[in-house]
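Peer 1: One structure coming up, written as structure tokens, with questions to follow.
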Ligand SMILES: Cc1cc2nc3c(=O)[nH]c(=O)nc-3n(C[C@H](O)[C@H](O)[C@H](O)COP(=O)(O)O)c2cc1C
């Protein structure tokens, strides 16, 4: 099978999930280098794109070496969606529309996960994007609003009809947030009823999970979110298992520290919106699952400057 979304060929079946507050340019680049076939921006509000003060395009710091990149839009306003598409078109390889965000404010604005209650309204956001770009357009949904309204099978049909090139399905309802287990069986059922690629999402923390998700659901791609935080090396280990059937050894302390250093280097070099606390948080995420990791985290907690961060992990 060719790993394609629209006309974009991916060199792996693994995709970095869009994550607000996590997917900095530095992190996205590290994920690509470690083998993610596609990286995603955090969700970008369509209104932000047109607002001059928000500077969102500059802050996203699109990099040549991270391509292909999927630009995720959230919102509910057709006109803003059109303008955002036109303004971001030169940066995006793929546009993705967020129909799953459970954030209170987002839901209050009838955006993101709100659409899981009203899948018939998804057209409002899909059509202006498709009509104003030649790039592939994808949608990211949850399996429904709550346990009583699990409508993923209806939603994927609507989205296919609207002309999207792929659908990412997080196997939880909006009301679930991150609790419980992702329902992979519904991802499998969705895959059976549409002809476009399905991107499975939810609970891939280890290489075995990625393989199991692909085997069990027959999804075309597996999307990884939380498992990659402080651990972009997970992409490499998942790819290895998918390609060879064998597990690489657990990620070593040395590899974690090497990647944390790279993260800081990239952050300093590329991030247009540098924040000390953000970079410290990200570096702390790398310091886990090895002997002495908590000592590193304690020291990092007390660091106050970029050079201090570097000294601690040298
Ligand atoms: C910190 C954080 C930020 C997130 N931000 C977004 C976002 O901007 N857009 C989106 O569609 N999903 C967002 N998500 C959801 C993830 O993309 C993904 O669907 C979810 O984490 C389930 O995948 P996982 O089990 O691999 O983490 C976010 C998740 C986390 C943990």
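No lab work stands behind these numbers, since they all come straight from the coordinates. Given the structure is predicted, the values throughout are model-derived calculations rather than measurements. Here Cβ is always computed from backbone atoms with ideal geometry, including for glycine, and neighbour counts include all displayed protein chains.
Peer 1: Based only on Cα atoms, what mean projected area does the convex hull of the chain have, in nm²?
Peer 2: Value for the chain: 15.5 nm².
Peer 1: Here's a follow-up. Can you work out D for the range 1-47 in µm² s⁻¹ from Stokes-Einstein, where Rh is the Kirkwood radius over C-alpha pairs, the temperature is 10 °C and the viscosity is 1.306 mPa s?
Peer 2: 139
Peer 1: Any idea how far apart residue 4 and residue 304 come out in nm if each label point goes 7 Å out from Cα toward Cβ?
Peer 2: 5.7
Peer 1: How far apart, in nm, are the 7 Å Cα→Cβ label points at residue 250 and residue 265?
Peer 2: 2.7
Peer 1: Give me the Kirkwood hydrodynamic radius of the range 1-95 in Å, from all C-alpha pairs, to one decimal place?
Peer 2: That comes to 13.7 Å for the range 1-95.
Peer 1: Mean separation of Cα pairs under 8 Å and 6+ residues apart, divided by the residue count of the range 4-72: what relative contact order is that in percent?
Peer 2: 36
Peer 1: Continuing with this model, one more query. Mind telling me which of 73, 30, 162 comes out most flexible in a GNM of the chain, alpha-carbon contacts under 10 Å?
Peer 2: 162
Peer 1: How many percent of the alpha carbon pairs in the range 253-313 exceed a separation of 17 Å?
Peer 2: For the range 253-313, the fraction of Cα-Cα distances above 17 Å is 30 percent.
Peer 1: Relative to the compact-globule scaling 2.2 N^0.38 Å, provide the ratio for the alpha-carbon radius of gyration of the range 78-132.
Peer 2: For the range 78-132, the normalised Cα radius of gyration comes out at 1.15.
Peer 1: Right, here's the next one. Once every DSSP H run of n ≥ 4 in the chain is given -39500 (n - 2.57) and the sum is divided by its residues, what mean residue ellipticity at 222 nm do you get, rounded to the nearest 500 deg cm²/dmol?
Peer 2: It comes out at -12500 deg cm²/dmol, rounded to the nearest 500.
Peer 1: Which percent of Cα pairs goes in each bin when the distances of the range 71-207 are cut into 10 angstrom slices starting at zero?
Peer 2: 13, 46, 34, 8, 0
Peer 1: If each Cα of the range 152-215 is one equal point scatterer, what is log10 of I(q)/I(0) from the Debye formula at q = 0.22, 0.25 Å⁻¹?
Peer 2: Normalising to I(0) and taking log10 leaves -0.92, -1.10.
Peer 1: What base-10 log of the normalised intensity I(q)/I(0) is obtained for the range 7-166 from the Debye formula, alpha carbons as equal point scatterers, at q = 0.08, 0.18 Å⁻¹?
Peer 2: For the range 7-166 at q = 0.08, 0.18 Å⁻¹, log10 I(q)/I(0) is -0.21, -1.12.
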